[in-house]
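Notes follow once the structure below has been shown.
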Amino acid sequence: MSPRDSKLLRDQAYIGGNWVEASDSRRFDVTDPASGSVIASVADCTPQDAVTAITAAQAAFSQWRHMPAKERSRVLRRLFDLMTLHTGELGELLAREQGKPVAEAKGEIFYGASFVEWFAEEARRVYGDVIPAPGSGREILVLKQPIGVTAAITPWNFPNAMITRKIAPALAAGCTSVVKPAPETPLSALALGVLAQEAGVPEGVLNILPSTRAAEIGLVLTSHPLVRKVSFTGSTSVGRIVMRQSAETIKKLSLELGGNAPFIVFDDADLEAAVAGAIASKYRNSGQTCVCANRFYVQAGIYDVFAEKFAKATGALKVGPAFEPGVEQGPLITAKALAKVEALVGDAIAKGAKAVVGGARHALGGNFYEPTVLIDVPSDARLLSEEVFGPVAPLIRFDTEKEAIELANASEYGLASYFYARDLGRVFRVARAIEAGIVGVNEGIVSTAEAPFGGVKQSGLGREGSRYGIEEYLEIKYVCLGGM
Ligand code: ADP
């Protein structure tokens, strides 16, 4: 760590406004995914710590919920300002523990901060309703109230933004929060705790529990009766566990789970734009996002030329560690992630696919994998149904619009989707027909704080960001006034 990082670099948990060790004093190492070297040793929170944090969050709730919305808004606005002020340090810390190129990491800080800015504004717009009553002498009021203590369980691929996307609407609504970040990337989460404290977030309103004991902490967060809502971002398999465990105490849930985004290129597409969009969508964060294009369906008339241009652009991507100038692709997060990508590519090639660029571990070694384009991928290749979460693009040829829609929808997932076309009728038909929560038309990157993010089918429940995002942290109360 450079000395500049020192204020934001914390290695203890943040519970009830205090920086503390785990209750059993255990710690775990955080490593640089590019080199494998240890960059910090961090408190490894216990289930007991989770209970302490929930109790602190409940105690803080009674005051935070009654703070005027305008004041809560100001606190969040200060947090946004501090994030903006510290973008460089936050981005460097994130790049170090996560591995994405430092420019991309700073981009994530802007993106993460944009949720804090947005929900600072939305805090003041939690409107209720007055509904015309069916008979005389009555008034029907609808109040929106904060749900209570909320838990956030977040992944390593966006160590900052996946947290702000949850805590900003929670705090704006008047809820308090207990965050369990991914064990691969706890430092970015703890840095947010430092800035929240400086911004004036009262003690107990935000608690951060770094831990490797994910299942044990998860069990406390999903079963403790004081936690009224759980927001989870991660795999569909863990999402099912979270949902199952939350059933016992009927918690409100938001689940942002796996995706398997189709990327369709129709014959009438702007080819250059489609190639640029494909590169952006596929290789952001080295393919490690739940909205990354996972399957490329290209219409027969332009398949060969698209494949050639896309492969050329893919081959030109610069791979390397986060801090090397000009790097566009970092390492994969872990050796396990690398092994999974390797297995999926191996399976596709064994079944007849051809790698026109890449197709193997990168010469840099470690967790690096070559940006890869596969053509003639057969329909039974595992990477068409499983999320590859790496820099691998399988191309499949199709003939008709109907066929493309059927292929795109042949998935248990339904998070993001993309297509390139210029015919207006086709644009509307396909946008309506695709089974996904997000459709990018002639755009490869569509996430923004202003728009609702979330999936259908087994990609999850609920929406984050936008004016809908705060609703996830509110209860509706109907008040019937009689004798009027
Ligand atoms: P990924 O494959 O992206 O790591 P996971 O779903 O395994 O996705 O992890 C997402 C988050 O869920 C992480 O914070 C992880 O520690 C946490 N997690 C993993 N297992 C459980 C569990 N059984 N209960 C609750 N949270 C869990």
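As for the range 419-431, it holds at least one residue that is touching a strand residue (DSSP E or B) at 6+ places or on another chain (Cβ under 6 Å), surrounded by fewer than 17 Cβ atoms within 10 Å (Cβ to Cβ), farther than 25 Å from L344 by Cα and among the hydrophobic types (A, V, I, L, M, F, W, C).
Scan the strands (runs of 3 or more DSSP E) fully inside the range 1-48 and keep the ones with 3 or more residues being modelled with pLDDT of 95 or more and within 28 Å of Y369 (Cα to Cα). First the steps, then the outcome.
On the way: elements: 13-15, 18-20, 27-31, 38-43.
Result: 27-31, 38-43.
Here's the yes/no breakdown for (1) modelled with pLDDT under 95; (2) in a helix (DSSP H, G or I); (3) under 23 Å from the mean Cα position of the chain (by Cα):
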site: M67; (1), (2), (3): no, no, no
site: S73; (1), (2), (3): no, yes, no
site: G88; (1), (2), (3): no, yes, yes
site: K100; (1), (2), (3): no, no, yes
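Taking L226, is it near the ligand (Cβ under 9 Å from one of its atoms), surrounded by fewer than 20 Cβ atoms within 10 Å (Cβ to Cβ) and more than 22 Å from A337 (Cα to Cα)? So that I can check it myself, show each step before the final result.
Details: near the ligand (Cβ under 9 Å from one of its atoms): no; surrounded by fewer than 20 Cβ atoms within 10 Å (Cβ to Cβ): yes; more than 22 Å from A337 (Cα to Cα): yes.
Answer is no for this residue.
Among the numbered conditions (1) open to solvent by 60 Å² or more (accessible area, probe 1.4 Å); (2) near the ligand (Cβ under 10 Å from one of its atoms), tell me where F232 comes up short. Among (1) open to solvent by 60 Å² or more (accessible area, probe 1.4 Å); (2) near the ligand (Cβ under 10 Å from one of its atoms), F232 violates only (1). Selection over the range 251-282 of residues that are touching a helix residue (DSSP H, G or I) at 6+ places or on another chain (Cβ under 9 Å) and surrounded by 22 or more Cβ atoms within 10 Å (Cβ to Cβ) gives a count of 19. Condition check for T212 on (1) within 26 Å of A161 (Cβ to Cβ); (2) out of contact with any helix residue (DSSP H, G or I) (no Cβ under 8 Å at 6 or more places or on another chain); (3) more than 12 Å from the ligand (Cβ to nearest atom); (4) touching a residue at least 12 places away in the same chain (Cβ under 8 Å): one failure, at (3).
One line per residue, one yes/no per condition, for (1) of a type in the set (D, E, K, R); (2) at pLDDT 95 or above; (3) open to solvent by 30 Å² or more (accessible area, probe 1.4 Å):
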{"site": "A335", "(1), (2), (3)": "no, yes, yes"}
{"site": "A343", "(1), (2), (3)": "no, yes, yes"}
{"site": "A350", "(1), (2), (3)": "no, yes, yes"}
{"site": "L364", "(1), (2), (3)": "no, yes, yes"}
{"site": "E386", "(1), (2), (3)": "yes, no, yes"}
{"site": "F398", "(1), (2), (3)": "no, yes, no"}
{"site": "L407", "(1), (2), (3)": "no, yes, yes"}
{"site": "Y413", "(1), (2), (3)": "no, yes, yes"}
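If I filter the range 119-139 for residues that are within 23 Å of T289 (Cβ to Cβ) and surrounded by 24 or more Cβ atoms within 10 Å (Cβ to Cβ), do I get at least one hit? Yes. Listed here are the strands (runs of 3 or more DSSP E) enclosed by the range 208-323 that have at least 1 residues being over 16 Å from the mean Cα position of the chain (by Cα) and in the same structural domain as G444 (by TED's automatic domain parsing): 261-265, 293-299. Scanning the range 95-108 for residues that are in contact with a Gly (Cβ under 9 Å, 6 or more places away or on another chain), touching a residue at least 24 places away in the same chain (Cβ under 8 Å) and open to solvent by less than 40 Å² (accessible area, probe 1.4 Å) yields A95, Q98, G99, K100, P101, V102, A105, E108. The number of residues in the range 314-360 that are away from the ligand (no atom under 16 Å from the Cβ) and among the hydroxyl-bearing types (S, T, Y) comes to 1.
The values are calculated or read from the model by the stated rules, or taken from the named source; none is laboratory data. Fair warning: this is a prediction, and the values are worked out from it, not measured in the lab. In this analysis, Cβ positions are derived from the backbone assuming ideal geometry, glycine residues included, and neighbour counts consider all displayed protein chains. Side chains included, ligands, DNA and RNA excluded: accessible areas come from the protein's heavy atoms. Shrake-Rupley method; radii C 1.70, N 1.55, O 1.52, S 1.80 Å.
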